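Comments concern the structure below.
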Amino acid sequence: MVQVVAETAVAIAKIWASTSGIPIGGVAIGAAETAIYAGLMGAQLAVLGSQLQAIPKAARGGMIGGRRHAEGGTLIEAESGEAIINRRSMAIPQFRNIASVINEAGGGVSFRTKNNSGGLLDRPSLRGEDIDMIVNKIAAIPVIVSEHDISYTQRKVKVRQNKTIL
């Protein structure tokens, strides 16, 4: 919104700069063009305002509906400290239920997977195979360490070793 106002102000300044040198009718032309730009700005602000009001609020969490990223995605409002879990992970019923229980524990809403009769599945309990699956998924994530981190850590160790040998 600020950008719309700023761009309109620049356009209006250019109008007055270009029409101020016109001896007959310059002020009238400038005023007419200014009115047109001000009207266009008002229309743009109204559209932006309606789009902002349409952004869903989810202070207590929940599932995001709407379009896929390839289709332009869905606008959401988030705040510092909140997290978003990707679609693939949330498509796994066990993971979705675990995420829901965590959300509920913090006072949020439930978004557990429904069972075949339409009711919510029970709160998940982690079985051995669930824990194994989670550990395997985490273990499959590649660990990347930069040369800078290794060198820095080696220098810190060397400094500590030198301080202990007195």
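Can you say whether GLU33 is in a helix (DSSP H, G or I), at pLDDT 80 or above, in contact with a helix residue (DSSP H, G or I) (Cβ under 7 Å, 6 or more places away or on another chain) and of a type outside the set (A, V, I, L, M), as far as the supplied structure shows?
Judged against the criteria, GLU33 is a match.
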Return only the number of the condition from (1) in a helix (DSSP H, G or I); (2) at pLDDT 80 or above; (3) over 30 Å from ASP130 (Cα atoms) that GLN94 does not satisfy.
(3)
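Identify all residues within the range 66-90 that are assigned to a loop (DSSP other than H, G, I, E, B), among the acidic types (Asp, Glu) and modelled with pLDDT of 80 or more; write none if there are none. Lay out the reasoning, then the answer.
Looking only at the range 66-90, we keep the residues that are assigned to a loop (DSSP other than H, G, I, E, B), and these are 66-68, 72-86.
Those left that are additionally among the acidic types (Asp, Glu): 77, 79, 82.
Within the range 66-90, GLU79, GLU82 qualify.
Please state which one of SER50, SER100 is modelled with pLDDT under 80 and among the polar types (S, T, N, Q). Let's see the steps before the verdict.
Values: SER100 fails: modelled with pLDDT under 80.
Going through SER50, SER100 in turn, just one is modelled with pLDDT under 80 and among the polar types (S, T, N, Q): SER50.
Step by step: first the residues of the range 1-30, then only those that are polar (S, T, N, Q) and free of Cβ contacts under 8 Å to residues at least 24 places away in the same chain, then the one that is surrounded by the most Cβ atoms within 10 Å (Cβ to Cβ). Which residue is that?
In the first step, residues of the range 1-30 are kept if they are polar (S, T, N, Q); the result is 3, 8, 18-20.
When the remaining residues are screened for being free of Cβ contacts under 8 Å to residues at least 24 places away in the same chain, the result is 3, 18-20.
Details: GLN3: 9, SER18: 13, THR19: 18, SER20: 10.
Taking the candidates together, the pick is THR19.
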So SER18 ticks every box in (1) outside any helix (DSSP H, G or I); (2) at pLDDT 80 or above but one. Which box is left unticked?
(1)
Contact list, first residue from the range 69-81 and under 27 Å from GLY106 (Cβ atoms), second anywhere and among the basic types (Lys, Arg), beta-carbon distance below 8 Å, six or more apart or interchain, is GLY73/ARG67; THR74/ARG67; GLU77/LYS57
Scanning the range 119-166 for residues that are more than 29 Å from MET90 (Cα to Cα) and modelled with pLDDT under 75 gives VAL159, ARG160, GLN161, ASN162, LYS163, THR164, ILE165, LEU166
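The values are calculated or read from the model by the stated rules, or taken from the named source; none is laboratory data. As the structure is a computational prediction, the values presented were derived from the model and not from experiment. As a convention, Cβ positions derive from the backbone with ideal geometry for all residues, glycine included, and neighbour counts pool all protein chains shown.
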